[in-house]
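To start, the structure itself, in structure tokens.
Just so you know, all these numbers are worked out from the coordinates, no wet-lab data involved. Computed from a predicted model, the values in this text were never measured in an experiment. Here the Cβ is made from the backbone with ideal geometry for all residues, glycine too, and neighbour counts use every protein chain on show.
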Amino acid sequence: MELPEGYVIEPMTAADVDVLRGWAASEGWTPGLSDLRSVWDLAPESFVALRKGDALVGGGSILSYEGAFGFMGLFILRADERGKGLGTALWYWRRDTLRSRLKPGASIAMDGVFEMVPFYQRGGFEPAYQVLRYQGTAQGSDTKDVSALTQADFEDIDAYDRPIAQVPRAAFLRRWLTQPGGFAVGCRQNGALVGYGAARPCDTGFKIGPLFADSPEIAAKVGQGLMRNFEEQQVQIDVPEPNAAGIAWVTDLGLEKVFGCTRLYLGPALDLPLSQIFSVTSLEFG
């Protein structure tokens with residue numbers, strides 16, 4: 001579909017990215033305060049603007065992980081511009097542009113709100129599973145196995161992360177784990193990293209992601225080691241629904257389900273070890 005006269009799709013500016021984050025927060029998606037800027041610093045070409053004249057009226061992200069994998073997120077149209085077919089044009093442009101940036105055969109993923117799944121299916125995406133957001137009051141604890149992670153630990157973090165995330169994302173992860181006001185902790189056993197997680201501040205409270213661990217017991221240690229840094233504040237954790245142990249853990253913490261979306265893939269779905277994923281990294285970036 002072509003855009004009506006007066007509308008253009010072009011790269012976002014840094015100021016646009018801040019507006020997009022505000023729109024996402026107003027939709028209830030609550031991205032971290034520095035989520036978008038951390039990705040902007042890495043790959044500014046990943047942010048796409050829909051303009052009417054000089055005004056930003058829509059946008060989204062199309063992040064390429066070294067050409068091996070793509071992720072679409074932050075698909076938003078300004079409320080007064082909806083219902084005109086602009087979103088359809090923007091979405092397909094983003095899909096096709098991201099495809100052109102990837103290696104042949106590379107898959108694209110996205111997390112879509114439930115009511116939009118039929119639209120995404122018409123665009124070639126197929127549902128894989130649901131991701132459920134749990135929210136409540138952070139309850140931390142101190143465990144001897146869990147300690148803060150620093151840049152000196154990054155090689156170990158990347159080596160642990162790679163087989164779970166299954167995408168080459170070292171450059172992304174290095175920025176993600178060092179967001180202003182954030183925390184990263186890991187659990188080691190016999191010197192080896194067996195779980196790690198990160199939390200970053202949102203408009204209200206904190207969001208945990210990623211939280212990867214070899215077992216539910218380790219995940220609980222990591223998660224509560226993180227929450228020790230912001231006890232009694234709001235926390236959000238995005239758990240893949242197939243991880244029954246992860247759902248049980250957040251439920252036992254007294255967190256309540258407040259939001260959900262569907263993970264979809266264009267191309268082969270990643271065969272992720274969901275039993276090790278206790279919180280996804282981001283609903284916007286994968």
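Give me Rg over Rh for the chain, both radii from the alpha carbons and Rh done the Kirkwood way, two decimal places. Rounded to two decimals, Rg/Rh equals 0.96.
Computed from the C-beta positions of R175 and D271, the FRET efficiency with R₀ = 35 Å rounds to 0.85. Sorted from greatest to least, the principal axis extents spanned by the alpha carbons of the stretch 13-97 come out as 34, 29, 24 Å. Building the convex hull from the alpha-carbon atoms of the stretch 235-286 and averaging its projection over directions returns 4.0 nm².
Applying 0.36 nm per residue to the separation of S147 and S100 and subtracting their alpha-carbon distance, the gain on full extension is 12.8 nm. Taking one quarter of the surface of the C-alpha convex hull of the stretch 89-186 gives a mean projected area of 9.6 nm². Note on K52: lysines with a C-alpha under 19 Å away, same-chain residues under 8 apart excluded, are K84. Just need log10 I(q)/I(0) for the stretch 108-254 at q = 0.11, 0.12, 0.13 Å⁻¹, Debye formula, equal scatterers on the alpha-carbon atoms, no solvent, rounded to two decimals. Cα-only, vacuum Debye calculation for the stretch 108-254: -0.44, -0.52, -0.61.
Restricting the stretch 1-100 to GluC sites (Glu not before Pro) that sit in a DSSP loop and have at most 16 other Cβ atoms within 10 Å of their own Cβ leaves E2, E5, E27, E66. Could you work out the relative contact order of the chain, using alpha carbon pairs under 8 angstrom and six or more residues apart, expressed as a whole percent? The normalised contact order for the chain reaches 23 percent.
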